[in-house]
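One structure is given here, and the rest of the page talks about it.
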Amino acid sequence: MDFELDSETKEAITKAREFAKKYFTEEAAERSDREERFPTEIVALSKKEKILDFSNPWKVLVTIEELVRRDPGLGISVTISAFGAEIFMFFGNDDQKEKYMNPVFAGLKTLGLGVTEPGGGSDVANIKTEAKLDGDSYILNGGKMFISNGQIADYFLVLARTSPPPSPEKKHRGMSVFVVDSKSPGFSVNKLHGKLGVRATNTAELIFNNVRVPKENMVGEEGKGFYYIMTFFNISRIYVAAQGLGIAHGALDRLVEYSKKYGEISDTGELKESIQLAIAEIATRVEATRNLTYKAASYLFKFTPNPIVTSMSKYYAAETAVFSTRRALELMSLHGLTNDLERFFRDAKILDIWEGTTEVEKLIITRMMLKEEGA
Amino acid sequence: MEEEYEILESTVKDFNSKFVDNNSLKLENESMGPDFIRMLADQGFFSMMGQGSDASGSDLKALSIVLENLSKSAPAAAVKVLLVNAFSTLVNDTGILDSVGKGAKSGTVTFSDLLVPKGQNGSLKLENGRVKGEKEYVLGSDSDFILTLLDTGELILLKSGFSQGKKHKKLGFRSIGFSSINVDSSDYSVVAKDGIAALRKMYEDFTLPISAIAIGMSEGVSQKALDYAKVRTAFGHYLKDFQPLAFDLTSLIAEMNILKRYFHDLLSSPISRKEAMFLKHKSLILAKDMSKTSLQIHGGYGYLEDFGIEKFYRDSMALSVLFHREDSDMEELSSLVFEGKAGFV
Ligand SMILES: Cc1cc2nc3c(=O)[nH]c(=O)nc-3n(C[C@H](O)[C@H](O)[C@H](O)COP(=O)(O)OP(=O)(O)OC[C@H]3O[C@@H](n4cnc5c(N)ncnc54)[C@H](O)[C@@H]3O)c2cc1C
């Protein structure tokens, strides 16, 4: 067992740190947050400087962590443009990889993933969007809710029902994944406004009104969509854990800096103990999150994913981010309220919700554990 | 609860349903506007603690009941009422109190003078009869009158000669001005020689009203979660059917009801500093926990402002920073519990 990152990954951290320092200015972060504005220019710069190297997932992971540590909204916006692309990698055919995945990985195109619907996000098997075969295409009808990159993506991977479930217990059958061009007739989006946090990211509702999708846009096999999406979540949740790690680490940075500048000294000549213990607690949780996240990542990156550890890392990272930002804000008082920590506090809460709520992650952990034990 | 307070409570509930509930997002995020401010004043909400000609003297209990109920829907409106009443307890110029009580003018107090150590929120000095300098972290900086401390310790009432400076980020109560103020004024009066003592006394008196806001927020946000969990389904069940969700919310609601009972007990007995602080300590934590759980129950919808949940998440944290001292309040409370200086290392 070796807890050291290799030199290439360490370089990625330095590169991300320098990029964030240069471009994630408080002015840029504050503006994107205030105006709920996607940071198009910064994202373009990140592509130009090849901040994300998709050929090495470890580098992607630490880059997310490092960028988010500087600013969650900007960091996530920069790293989310290929959201869903692993579905092509694992289940797409060569043409789809060539046409859709490669341009996304090259930073030329933006992807979105439409799973959640107005009626529910946790209960994926209950989606209502339908795709009906009509000649050599499918006709899509329905709607997707809270879709990241909704207004800016060139393509979306969309989960839709292609046949009725064989029985109420087998609702997860009969769904398929399609790639939909955002310029397709009948496709429209409504930007969603007024998010609590991650306001730099673009979120929208997608509407499919008789959207015709060529048959060859089905990804993988018909009826296996649910399985593809769950497989994808077992990958993406590790990156969400990295977001949590970045946010928590960012809160820790700010608290440590505050304690050096303003921390009250008691008559022993040391910082008062409650802030000392808070720093230790946050730092420990950050470290524990990192170990769990890197463990999940090392399973996955060796092509032996461990969904239990993955869900543990996502849930624990979300909890750590929410805990750390809250605790730091409580301790930093008006200093925290009036600097970027208040943004971290708002941003952190999304991690409990997207890509599997914390409750859903916990259910996955136990159900998988019991299954493994043959219960 | 005594009858007159029951009547007051139903008056505020009525006011909420007529003027607040449908408007609560705007009242929180944009501006309350002069009409709404006048409506608050017409209800007498701005003259519950002062000595103005219309006020019948201080009524902490009535103020707390008003704040609790306003906070269920619009915490920012409650904070506005709190600031004006805090101002009124310290001022004895009847002309000013009357205009503030009627909502024609507004006043605030720089709580930040108590929240951060001296020197961390700017500096105001007296130079040749003029007050000069900058004060940071002024909640209600869009007011006509500001009560604030000079570096020398006097509490002064600034009547003009100040302007809003650097705008601060607003986690909560976004319709209330929050910025530094730049001061160059000869139009001021000294309200208390020992300004810190006067501010501290006000801060102590307002322990229950601040708790009232926290409890009201918990009531408001938990009601939204209860309503939502009864109609939203997942996996073929109403959300209320799931143990993690039902148990978490129920446990917090149990805590809320215990605190509410305690709160009403405290209102009808002579005020004990220690017990008032117990309540404030616990109710501020509860408001944060309750809004977090309620947001979570709403899933993605909770994260968007339309459902009126996320504002409680922001406001509950803002309340606990803007009207509470994490460390020094606990030091004080620990010392009361240990009956001697405690918790200072
Ligand atoms: C900013 C943002 C961006 C997003 N981006 C995307 C995206 O790009 N693509 C996409 O497809 N989706 C996206 N989502 C949607 C997100 O994944 C869903 O919001 C999430 O999965 C939860 O679904 P829901 O909101 O419908 O909540 P619900 O599923 O209705 O859940 C509500 C509450 O019930 C709880 N609950 C549900 N079932 C159970 C159970 N069995 N036991 C206990 N508790 C339970 C949940 O944990 C939650 O607390 C995004 C959401 C947001 C807010």
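Here the condition is being more than 14 Å from chain A (Cβ to nearest Cβ), more than 16 Å from the ligand (Cβ to nearest atom), touching a residue at least 40 places away in the same chain (Cβ under 8 Å) and in contact with a Phe, Trp or Tyr (Cβ under 6 Å, 6 or more places away or on another chain); of B:196, B:210, it holds for B:210 alone. Screening residue B:138 with (1) under 21 Å from residue B:96 (Cα atoms); (2) within 14 Å of chain A (Cβ to nearest Cβ); (3) open to solvent by 30 Å² or more (accessible area, probe 1.4 Å) gives one miss only, at (3).
Could you check the range B:254-269 and list, in sequence order, the residues that are without any contact (Cβ under 8 Å) to a residue 60 or more places away in the chain and open to solvent by 30 Å² or more (accessible area, probe 1.4 Å)? Within the range B:254-269, B:254, B:255, B:257, B:258, B:260, B:261, B:262, B:265, B:269 meet the criteria. Could you tell me which of the residues B:274, B:282 is in the same structural domain as residue B:244 (by TED's automatic domain parsing) and in contact (Cβ under 8 Å) with a residue 60 or more places away in the chain? B:274 is the lone residue from the list that is in the same structural domain as residue B:244 (by TED's automatic domain parsing) and in contact (Cβ under 8 Å) with a residue 60 or more places away in the chain. Set side by side, the residues A:363, A:331 differ, and just one is at the interface with another protein chain (Cβ under 9 Å from one of its Cβ atoms), touching an Asp or Glu at 6+ places or on another chain (Cβ under 7 Å) and either open to solvent by 10 Å² or more (accessible area, probe 1.4 Å) or of a type outside the set (A, V, I, L, M, F, W, C) (or both), which is A:331. One residue stands out among those in the range B:285-308 that are hydrophobic (A, V, I, L, M, F, W, C) and surrounded by 21 or more Cβ atoms within 10 Å (Cβ to Cβ): the one that is nearest to the other protein chains (Cβ to nearest Cβ), which is B:295. Pairing each residue of the range A:141-153 that is more than 6 Å from the ligand (Cβ to nearest atom) with any residue that is small (Gly, Ala, Ser) and part of a loop (DSSP other than H, G, I, E, B), provided the two are 6+ apart or on different chains, yields C-beta distances under 6 Å for A:153/A:182. In the range A:247-278, what residues are touching a helix residue (DSSP H, G or I) at 6+ places or on another chain (Cβ under 8 Å) and not in a helix (DSSP H, G or I)? Across the range A:247-278, the qualifying residues are A:263, A:264, A:266, A:270, A:271, A:272. The single condition among (1) in a helix (DSSP H, G or I); (2) open to solvent by 40 Å² or more (accessible area, probe 1.4 Å); (3) under 30 Å from residue B:60 (Cβ atoms) that residue B:199 does not meet is (2). Take residue A:323 and tell me if it is away from chain B (no Cβ under 14 Å), among the aromatic types (Phe, Trp, Tyr) and away from the ligand (no atom under 16 Å from the Cβ). Taking the combined requirement at face value, the residue does not satisfy it.
Take the conditions over 30 Å from residue A:146 (Cα atoms), surrounded by 17 or more Cβ atoms within 10 Å (Cβ to Cβ), over 19 Å from the mean Cα position of the chain (by Cα) and not β-branched (Val, Ile, Thr) and apply them to residue B:333. Does it pass? Yes: the conditions hold for residue B:333. Note on the range B:230-345: enclosed helices (runs of 4 or more DSSP H) holding 2 or more residues that are within 16 Å of the ligand (Cβ to nearest atom) are B:243-267, B:273-297, B:299-302, B:310-322.
Candidates A:51, A:42, A:87: the one that is among the hydrophobic types (A, V, I, L, M, F, W, C), within 16 Å of the ligand (Cβ to nearest atom) and more than 14 Å from chain B (Cβ to nearest Cβ) is A:87. Among the residues making up the range A:141-154, those that are surrounded by fewer than 23 Cβ atoms within 10 Å (Cβ to Cβ), more than 14 Å from chain B (Cβ to nearest Cβ) and in contact with a Ser or Thr (Cβ under 8 Å, 6 or more places away or on another chain) are A:141, A:142, A:152, A:154. The set of residues from the range A:61-99 being aliphatic (A, V, I, L, M), within 20 Å of residue A:228 (Cβ to Cβ) and in contact with a helix residue (DSSP H, G or I) (Cβ under 8 Å, 6 or more places away or on another chain) comprises A:82, A:85, A:87, A:89. If the condition is being within 17 Å of the chain's Cα centre (by Cα) and not acidic (Asp, Glu), then the range B:27-40 contributes B:27, B:29, B:31, B:32, B:37, B:40.
Scanning the range A:168-191 for residues that are among the hydrophobic types (A, V, I, L, M, F, W, C) and in contact with a helix residue (DSSP H, G or I) (Cβ under 9 Å, 6 or more places away or on another chain) returns A:175, A:177, A:178, A:179, A:180. Would you pick out the residues in the range A:334-359 that are within 16 Å of the ligand (Cβ to nearest atom) and within 9 Å of chain B (Cβ to nearest Cβ)? Listed by number, the residues that qualify are A:343, A:345, A:346, A:349, A:350, A:352, A:353, A:354, A:357, A:358, A:359. What are the residues in the range A:272-298 that are surrounded by fewer than 19 Cβ atoms within 10 Å (Cβ to Cβ) and either more than 10 Å from chain B (Cβ to nearest Cβ) or more than 19 Å from residue B:331 (Cα to Cα) (or both), if any? Matches in the range A:272-298: A:276, A:277, A:280, A:281, A:283, A:284, A:287, A:288, A:291, A:295, A:298.
The values are calculated or read from the model by the stated rules, or taken from the named source; none is laboratory data. Because the structure is predicted, anything quoted here is derived from the model rather than measured. Cβ coordinates were reconstructed from backbone atoms using ideal geometry, including for glycine residues, and neighbour counts include every protein chain displayed. To get the accessible areas, we keep the full protein, side chains included, count just its heavy atoms, and leave off ligands, DNA and RNA. Shrake-Rupley method; radii C 1.70, N 1.55, O 1.52, S 1.80 Å.
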